[in-house]
Amino acid sequence: MISILLVDDQPLLRLGFGLVLNTQPDLDVVGEAGDGAAAVRQVADLRPDVVLMDVRMPGTDGIEATEQIVREHPATRVLILTTFDLDEYAFAALRAGAAGFLLKNAQPADLIAGIRTVASGDGVVAPRITRRLIETFAGNPQGVTTRADSSRLARLTDREREVLIAMAHGRSNAEIAQDLGLSEATVKTHVSRILPKLRLRDRVQAVVFAYQSGLIRVT
């Protein structure tokens, strides 16, 4: 069972998300919060597996709340929900340690899948990830490779580089498997090796690193 805390300053949105999520036998909405400060308190009390976090809220916003939750409760994963795919608040939340972000108008199936993904320890990159996300989050729009980046990339095998490049292009494990003629299980194994080699937490950080290191160029 995956326990979930809903954080949004609009009660009707919390109600709607709750109705969708509670239809799933493996998902359990254990609490709600209307602002970041309340979210931090609720996480301390409830220890949810996943927090669905709005970023634009009065008082303590989702960015500050995400920073505190990630720092104080690393076992709880934060999934940002935002209205716009070019929302700089969402980018800042990713820097703060969120496991990824989805748009509020995502299909219910995508929301449910995203929660399951971050609960399993992986990250979620919204399908409409954009150049501006990469430029803002990576902080290296020119793709200038540093000596430290090159050293980390050198730890990867040729196949692992191929998998990382495919991840950076937004390909799922199933799509990567089809592209490279591998089994999905083999792709998962490669991903599980890539992350510790690059000292990265999840798929979100891997995508950003691919651009930040210059392995993928922003065009």
With 0.36 nm assigned to each residue of separation and the Cα-Cα distance removed, residue 47 to residue 26 gains 5.9 nm
Nearest-0.05 FRET efficiency for residue 15 and residue 157, computed from C-beta distance (R0 30 Å)
0.05
With N set to the number of residues, divide the alpha-carbon radius of gyration of region 2-128 by 2.2 N^0.38 Å and report two decimals.
0.91
In what order do 23, 66, 82, 60 fall by count of nearby beta-carbon atoms within 10 Å, going from fewest to most?
23, 60, 82, 66
Report the label-to-label distance for residue 73 and residue 37 in nanometres (one decimal), using points 7 Å from each Cα along the Cα→Cβ vector.
1.7 nm
How compact and how long is region 145-209, expressed as Rg and Dmax of its alpha-carbon atoms in Å?
11.2, 33
Counting only DSSP loop positions in region 161-219, the GluC sites (Glu not before Pro) whose Cβ has at most 16 other Cβ atoms within 10 Å are none
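We did not get these values from a lab; they are worked out from the coordinates using the rules stated. As the structure is a computational prediction, the values presented were derived from the model and not from experiment. Heads up, the Cβs are rebuilt from the backbone with ideal geometry, glycines too, and the neighbour counts pull from every protein chain shown.
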